[in-house]
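The values are calculated or read from the model by the stated rules, or taken from the named source; none is laboratory data. Since the model is a prediction, treat every value here as computed from it, not as a measurement. In this analysis, Cβ positions are derived from the backbone assuming ideal geometry, glycine residues included, and neighbour counts consider all displayed protein chains. Quick note on the areas: whole protein, heavy atoms, side chains included, nothing else; ligands and nucleic acids left out. Shrake-Rupley method; radii C 1.70, N 1.55, O 1.52, S 1.80 Å.
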Amino acid sequence: MNKPQRGYWCECWTEDLTEGGPAALRASIDAYSAPQADRWVAVALRTISPALDPDASDEAWEWLYNGRIEMRRALLRAEPCTVSVTQANTRITWTIRPVLFVPLAHRQGVELPAFAHDFMSGARRRSCPRSGGQ
């Protein structure tokens, strides 16, 4: 990958509705197509739906049967999307945003700077000699 690549940044957040605190990030993935992005949400909803209360399960299956098509269309138009399900006092929200993934610098064949080894665990540090003959 030599140039930026279009894709989607997907996140899953939970929010405690009784305490009103900040939402907590539970998971995130990078997806390289609209189908991959909405599939991540669909798999999550299918996985948790048996454990949801009847109302939340209905919300999940409504999105799976009807909302997913609209989400896919919106993603193909490069529009951000959100899906939420409320279970008891917890709101679970999946967000998908179109992004450009920028490639990182190629590192093969390049020696890391000496200070990089300071961040390795003790066992690994002993097996990796420092650059510069140290």
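Some values worked out for this structure:
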{"item": "Every residue from the stretch 14-64 that is among the acidic types (Asp, Glu) and in contact with a helix residue (DSSP H, G or I) (Cβ under 6 Å, 6 or more places away or on another chain)", "result": "38"}
{"item": "Only listed residue being modelled with pLDDT of 95 or more and open to solvent by 80 Å² or more (accessible area, probe 1.4 Å), chosen from 107, 77", "result": "77"}
{"item": "Matching residues, the stretch 1-20, being among the basic types (Lys, Arg) and part of a strand (DSSP E or B)", "result": "6"}
{"item": "Odd one out for residue 123, checked against (1) among the aliphatic types (A, V, I, L, M); (2) modelled with pLDDT of 65 or more; (3) over 30 Å from residue 2 (Cβ atoms)", "result": "(2)"}
{"item": "Any hit, the stretch 24-32, residues being in contact (Cβ under 8 Å) with a residue 40 or more places away in the chain and open to solvent by less than 30 Å² (accessible area, probe 1.4 Å)", "result": "yes"}
{"item": "Identity of the residue in the stretch 21-70, part of a helix (DSSP H, G or I) and β-branched (Val, Ile, Thr), that ends up farthest from residue 91 (Cα to Cα)", "result": "69"}
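So that you can scan it fast, the table gives a plain yes or no per residue for (1) free of Cβ contacts under 8 Å to residues at least 60 places away in the same chain; (2) closer than 19 Å to residue 77 by Cβ:
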| site | (1), (2) |
| --- | --- |
| 7 | no, yes |
| 11 | no, no |
| 17 | no, no |
| 20 | yes, no |
| 38 | yes, yes |
| 41 | yes, yes |
| 46 | yes, no |
| 49 | yes, no |
